[in-house]
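Data block below; observations after.
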Amino acid sequence: MKNILVTGGAGFIGSNFVHYLVENTDAQVTVLDKMTYAASKESVDGLGDRVKLIVGDIADAAVVDPLVAEADAVVHYAAESHNDNSLNDPSPFVTTNIIGTFTLLEAVRKYGVRYHHISTDEVYGDLELDDPERFTESTPYNPSSPYSSTKAGSDLLVRAWVRSFGVEATISNCSNNYGPWQHIEKFIPRQITNLIDGVKPKLYGAGLNVRDWIHANDHSSAVLTILEKGAIGETYLIGADGEKNNLDTVKLILRLMGHDENDFEHVNDRAGHDLRYAIDSTKLRTELGWTPKFQNFESGMADTIQWYRDNETWWRAKKAEVEAKYASQGQ
Ligand code: NAD
Ligand code: DAU
């Protein structure tokens with residue numbers, strides 16, 4: 001695959017994948033990104049001639065078609081990605097996540113291009129805290145939020161385009177990512193940047209909700225593995241056995257940043273807040289031989305904290321607006 005089109009490649013995980021491609025393949029990479037509030041040009045700067053950034057909308061066929069026509073593969077990360085935003089205004093989630101995916105699928109169908117679809121474990125809904133089961137590829141879809149329902153809708157479009165039109169697609173559903181370049185609206189960077197600002201971390205509800213954390217680099221290695229070795233039409237779950245409840249995660253951040261681990265505050269809970277996500281990634285590990293490398297959450301978190309300390313100029317301009325929005329919701 002010489003030419004890879006990465007949609008959403010200026011966002012958190014997409015930019016990590018662009019770096020991963022540059023470091024681990026010889027591919028030419030074209031990033032198609034609308035440069036929404038969540039994008040950052042700096043995250044893909046300095047990568048030389050092998051990376052080209054095109055600013056455009058995945059829901060615009062006139063932009064998408066010629067780019068897909070030139071590509072050997074499309075890896076589709078672009079999305080509206082934040083659950084809290086989807087509760088305030090679902091509209092861009094429907095347009096980007098569903099119409100955008102439809103537009104890409106029609107283009108890969110037209111030009112016969114290999115397609116990999118990035119999705120989330122949230123399409124499966126949530127689990128009880130004491131449920132011994134984890135999500136697998138055969139767990140029924142049961143999304144809770146406007147965000148996760150639009151991601152579920154986009155996954156179903158992909159499945160239908162594979163079956164009805166023979167599109168050469170794979171799908172991956174990954175758990176919660178952490179690492180550098182994550183927007184400060186998200187849980188971990190929000191708390192790190194709050195503490196840098198002398199503000200207490202904000203925990204939704206009691207903080208017992210569990211997320212299954214994976215480092216963004218491990219997500220990228222899994223996606224490249226699926227792109228190269230995955231079976232067409234198959235879905236692969238990506239996870240690194242990283243279940244933690246939010247309370248323990250906040251306490252870890254407080255401790256690593258030199259604070260008393262009880263120095264946080266409870267704020268209003270998220271409407272419809274999913275209780276627990278947990279991924280069983282046996283299929284990816286056994287069939288494609290993938291293994292995660294960044295399984296020490298404490299050292300991954302320490303590196304992430306250091307990155308936000310070192311890169312204050314990147315996030316500083318966004319902080320006041322993000323916090324004002326949360327404050328207006330008692331969060
Ligand atoms: P992000 O919000 O950081 O980045 C999304 C990127 O998509 C941004 O650069 C944005 O400008 C771009 N984009 C948005 N709308 C667009 C449009 N209409 N046309 C072109 N570009 C557009 O998101 P992220 O956290 O990096 O997530 C990337 C993908 O991974 C999403 O599909 C998300 O559902 C999925 N995912 C995320 C996680 C996670 O923990 N963050 C976990 C599993 C799956
Ligand atoms: O599971 C994968 C999903 O992970 C991705 O599909 C989404 O794109 C990504 O945003 C993430 O969704 P979450 O809703 O799990 O992530 P978020 O960072 O928003 O919140 C993580 C947990 O922390 C969740 O239980 C809500 C809680 N939280 C969040 C914020 C912003 C807090 O307790 N306090 C906060 O300030």
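The values are calculated or read from the model by the stated rules, or taken from the named source; none is laboratory data. What you are looking at is a predicted structure, and each value in this text was computed from that prediction instead of being measured. A quick note on method: Cβ atoms are made from the backbone with ideal geometry, for glycine too, and the neighbour counts reach across all protein chains shown.
The residue that is nearest to Ser138 (Cα to Cα), among those in the range 224-246 that are surrounded by fewer than 17 Cβ atoms within 10 Å (Cβ to Cβ) and not charged (D, E, K, R), is Gly233. Tell me yes or no: at least one residue of the range 37-46 is outside any loop (DSSP other than H, G, I, E, B), touching a residue at least 24 places away in the same chain (Cβ under 8 Å) and hydrophobic (A, V, I, L, M, F, W, C). Yes, that holds for at least one residue. With the structure loaded, tell me whether Gln191 is of a type outside the set (Gly, Ala, Ser), within 17 Å of Phe17 (Cβ to Cβ) and buried (at least 19 other Cβ atoms within 10 Å of the Cβ) or whether it fails that test. The answer is no for Gln191. When residues in the range 105-121 are screened for being surrounded by 24 or more Cβ atoms within 10 Å (Cβ to Cβ) and among the acidic types (Asp, Glu), 1 of them pass. If you go through the range 163-182 and keep only what is more than 10 Å from ligand 1 (Cβ to nearest atom) and either hydrophobic (A, V, I, L, M, F, W, C) or out of contact with any helix residue (DSSP H, G or I) (no Cβ under 7 Å at 6 or more places or on another chain) (or both), you end up with Arg163, Ser164, Phe165, Gly166, Val167, Glu168, Ala169, Ile171. Within the range 130-140, the only residue that satisfies the criterion of being crowded, with 20+ Cβ neighbours inside 10 Å and either over 18 Å from the mean Cα position of the chain (by Cα) or part of a loop (DSSP other than H, G, I, E, B) (or both) is Arg134.
Working carefully through the options Lys325, Lys318, find the one that is at pLDDT 95 or above, in a helix (DSSP H, G or I) and crowded, with 16+ Cβ neighbours inside 10 Å. Full working, then the answer.
Values: Lys325 fails: crowded, with 16+ Cβ neighbours inside 10 Å.
Selected residue: Lys318, the only one of Lys325, Lys318 that is at pLDDT 95 or above, in a helix (DSSP H, G or I) and crowded, with 16+ Cβ neighbours inside 10 Å.
When you scan the range 188-232, how many residues do you find that are more than 17 Å from Trp307 (Cβ to Cβ), near ligand 2 (Cβ under 9 Å from one of its atoms) and not β-branched (Val, Ile, Thr)? It would help to see each step written out before you state the result.
Within the range 188-232, the first condition is being more than 17 Å from Trp307 (Cβ to Cβ), and the residues that meet it are 198-212, 221-232.
Filter again for near ligand 2 (Cβ under 9 Å from one of its atoms), leaving 201-205, 207, 209-212.
Restricting the remaining residues to those that are not β-branched (Val, Ile, Thr) gives 201-205, 207, 209, 211-212.
Total meeting the criteria: 9.
When you scan the range 73-83, do you find a residue that is away from ligand 2 (no atom under 16 Å from the Cβ), part of a helix (DSSP H, G or I) and farther than 20 Å from His116 by Cβ, even just one? Within the range 73-83, not a single residue is away from ligand 2 (no atom under 16 Å from the Cβ), part of a helix (DSSP H, G or I) and farther than 20 Å from His116 by Cβ.
The residue that is nearest to Phe297 (Cα to Cα), among those in the range 242-281 that are assigned to a loop (DSSP other than H, G, I, E, B) and under 17 Å from the mean Cα position of the chain (by Cα), is Gly242. For the range 249-281, filtering for residues that are crowded, with 18+ Cβ neighbours inside 10 Å, in contact (Cβ under 8 Å) with a residue 60 or more places away in the chain and within 16 Å of ligand 1 (Cβ to nearest atom) leaves 6. If you filter the range 183-234 down to residues that are more than 16 Å from ligand 1 (Cβ to nearest atom) and among the acidic types (Asp, Glu), you find that the one that is farthest from the chain's Cα centre (by Cα) is Asp197. Taken over the range 138-154, the criterion of being within 22 Å of Glu287 (Cβ to Cβ) and either of a type in the set (Gly, Ala, Ser) or out of contact with any helix residue (DSSP H, G or I) (no Cβ under 6 Å at 6 or more places or on another chain) (or both) is satisfied by Ser138, Pro140.
If the condition is being touching an Asp or Glu at 6+ places or on another chain (Cβ under 8 Å) and crowded, with 16+ Cβ neighbours inside 10 Å, then the range 282-305 contributes Lys283, Pro292, Phe294. From the list Pro143, Pro180, the lone residue that is part of a loop (DSSP other than H, G, I, E, B), free of Cβ contacts under 8 Å to residues at least 24 places away in the same chain and buried (at least 19 other Cβ atoms within 10 Å of the Cβ) is Pro143. Checked against (1) acidic (Asp, Glu); (2) free of Cβ contacts under 8 Å to residues at least 40 places away in the same chain; (3) within 11 Å of ligand 2 (Cβ to nearest atom), Glu243 passes all but condition (3). Pairs linking a residue in the range 151-163 that is of a type in the set (Ser, Thr, Tyr) to a residue that is outside any helix (DSSP H, G or I) and within 16 Å of ligand 2 (Cβ to nearest atom), with Cβ atoms under 9 Å and 6 or more positions apart or on different chains, are Ser154/His76; Ser154/Ala79; Ser154/His117; Ser154/Ser119.
Specify the residue that is farthest from the chain's Cα centre (by Cα); the eligible residues are those in the range 20-68 that are surrounded by 14 or more Cβ atoms within 10 Å (Cβ to Cβ) and hydroxyl-bearing (Ser, Thr, Tyr). Across the range 20-68, the extreme among qualifying residues is Thr25. Every condition in (1) within 12 Å of ligand 2 (Cβ to nearest atom); (2) on the phi > 0 side of the Ramachandran plot holds for Gly112 except the one numbered (1).
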